[in-house]
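Single-structure report; data block below.
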Amino acid sequence: MKKILVLSTFMFFFACGAFAQAQKIAFVNTQIIIDTLPAKDTAEKKLAIFAKQYDQRIKDLQAEIQSKQKEYEVKVKGGATQAQLELIQKSYERLVQEYQETEQAGQQDMQAQRGLLLKPIVEDIKKAIGVVAAAKGYSNVIDNATGMVLWSANSNDDITSAVIKHMTAAKK
C-alpha cells in the first residue's frame, strides 16, 4: 500500500513538473506596438477632426456665457427689474448646464470614437502576437503595457520587437 501511495505521489509531482515545464510564457508591450504603427497616426488624425466639432461648440458656448455675464452686469448697472435679472440669470444657468453637458458628452464620445478607431489596430496586433508566439513556441503571452511584468529571467521572452517586425513586414 505504501508503495502505491509513494508511486502515485511521485507520478503526480512528475506530471505537474512536466506540465509546468511545458508552459512557455512571453510578454509584450502592446502600447509600444501601437505607437510604432502608422495606422495609429491615421486614427489620431481622424480623432482630431472629430474633436474639432466639440471644441468649436464648446467655444461658442463659452462666448455665449460671457455675453450673458456682460448682459447681466449691464442690466444691473442700468437698473433693470428683478424679473429681468432673474430671466437673464436663468438663461445663464441653462447655458452653463448646456456647456457642462456638451463637454461631458464630448469626452464620452471621444473615448468611444478612440475605441472604435483603435479596435481594428488592436485586433491586428492580437493576430500578430498569436503568429509570433506560436512561431517561437510560447503558449501564453502577457501584455506588459501596464507594467505588470515585474521581472523576467529571460529578456528573450519579450516579443514586442518581433511583433513590430512581423507587422511592419506584413504591411510592405
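Please treat every number below as a calculation from the coordinates, not as lab data. Note that the structure is predicted; figures quoted are calculated from it, not measured. Cβ: placed from backbone, ideal geometry, glycine included. Neighbour counts: every protein chain shown.
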* Asked: Which order do peptides 83-92, 135-144 fall in by mean Cβ count within 10 Å, highest first?
  -> 135-144, 83-92
* Long pairs among Lys24/Lys165; Lys52/Lys127; Lys45/Lys127; Lys45/Lys90; Lys40/Lys68; Lys52/Lys75, criterion Cα-Cα beyond 31 Å -> Lys52/Lys127; Lys45/Lys90; Lys40/Lys68; Lys52/Lys75
* To do: Would you please give the residues with an amide H less than 5 Å from that of Phe27, counting only those at least 5 places away or on a separate chain, with H modeled from the backbone geometry?
  => Ile142, Asp158, Ile159
* Structure fact -> One finds the C-alpha centres of the stretch 70-135 and the stretch 27-48 to be spaced, in Å, by 24
* If each of Thr168 and Asn140 carries a label point 7 Å out from its Cα toward its Cβ, how far apart are those two points in nm? -> 3.1
